[in-house]
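> Submitted below is the structure of interest, expressed as C-alpha cells.
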Amino acid sequence: MRIAEHAPYPCPRLPALFVMTDPDRLPDPLAVARRLPAGCGLVYRHFGDPEAGAVIAQLASLCAQRNIQLMISYDPALDGIGAPDAGVHFAQKHHHAIAAWRTQWPDRPASAAAHDCKSARRALDEGVDAVFLSSVFASKSPSAGPPMGAQGFAHNVQTIGGPVYALGGITAQNAPDLCGAASGLACVSAINSNWRTKK
C-alpha cells in the first residue's frame, strides 16, 4: 500500500510512515531506529529526559546511516543538539512556538500533533510541513480522545486543507481505510506488529 501516492495533500519533505517513541510502550528509541526500514521517520519524544541530549546524538548518527528522518520533540534547550539534519515535532501545547522556530530554521522539516481541525490548520499556517491528527482509531495512549474513524478523518482532512498524517490505533488492518485521505501514517504500538507500509 502506497499511502503517499493517493494523498490529496502530499508532503514531499517527510516520509509516509513515522514511528513515535514512548517511554512506556517504546522505551528504547535506539532499538526502534535499528528496526525501522530505510526511508521511514522517527519522532523522538524525550519528555524531559535528562539524558535526551546524549540519546539525540546517538539517534542522529544511526538515523543518518540508515536513511531515517529523525524528528525531535520541541524543546528550546535541545534544538539541533547533535542532530543538525533533524526536524522538530511540536506537541499541541507548543504550537505557540512554531512561528518563531520556523523563522529561525526555515529549511528544517517540522511536524505538529493536533487533536482538532482548528489547531491543525493553525499549525500548518504557522509553518509546519504536516500535522499528525489523532485519535483516528481507538488507542491506548493516555492522551487519546474519542476515535474519529476513517470517514471522520477524511472529512477532517478536507476541513484542514493540508498535509495530515493519521495517528492513533493504526494497524495493518485499518491502514488501507485511510488511503485517499492521509498524507502518511504515524504509529507507536504498531511497530511491534508484523507489518510494513511503503511510501
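The values are calculated or read from the model by the stated rules, or taken from the named source; none is laboratory data. Predicted model, so just to flag it, every value in this text is computed and none were measured. For neighbour counting, all protein chains shown are included, and Cβ atoms are generated from backbone atoms with ideal geometry for every residue, glycine included.
> Within the stretch 26-43, identify whether any single residue is within 15 Å of the chain's Cα centre (by Cα) and among the acidic types (Asp, Glu), and answer yes or no.
Checked against the condition, which is being within 15 Å of the chain's Cα centre (by Cα) and among the acidic types (Asp, Glu), the stretch 26-43 yields no hits at all.
> Here's something else I'd like to know. Of all residues being over 18 Å from the mean Cα position of the chain (by Cα) and β-branched (Val, Ile, Thr) in the stretch 66-105, which is modelled with the highest pLDDT? Just the residue, please.
Thr103
> If you don't mind, there's one more thing I want to ask. Pairs needed: first member in the stretch 1-16, over 13 Å from Ser111 (Cα atoms) and at pLDDT 90 or above; second member anywhere, of a type in the set (S, T, N, Q) and assigned to a loop (DSSP other than H, G, I, E, B); C-beta distance under 9 Å; at least 6 residues apart or different chains.
Cβ pairs passing all conditions: Ala7/Ser183; Pro8/Ser183; Tyr9/Ser183; Pro10/Ser183.
> Can we say Arg35 is under 14 Å from Arg66 (Cα atoms) and basic (Lys, Arg)?
Spelling it out, Arg35 is indeed under 14 Å from Arg66 (Cα atoms) and basic (Lys, Arg).
> Moving on to the next point. What about Ala77, is it among the hydrophobic types (A, V, I, L, M, F, W, C) and crowded, with 17+ Cβ neighbours inside 10 Å?
no
> While we're here: Given the criterion at pLDDT 95 or above and among the aliphatic types (A, V, I, L, M), identify the matching residue among Val131, Val188.
Val131
> Still on this structure: Restricting the search to the stretch 34-45, which residues are crowded, with 19+ Cβ neighbours inside 10 Å and either modelled with pLDDT under 95 or closer than 13 Å to Val188 by Cα (or both)?
Passing the criteria: Leu36, Gly41, Leu42, Val43, Tyr44, Arg45.
> If you don't mind, another one. Determine if the stretch 93-111 includes at least one residue that is among the small types (Gly, Ala, Ser), closer than 18 Å to Val157 by Cα and buried (at least 24 other Cβ atoms within 10 Å of the Cβ).
Yes - at least one qualifying residue is present in the stretch 93-111.
> Any idea how many residues of the stretch 46-61 are surrounded by 14 or more Cβ atoms within 10 Å (Cβ to Cβ) and touching a strand residue (DSSP E or B) at 6+ places or on another chain (Cβ under 9 Å)?
6
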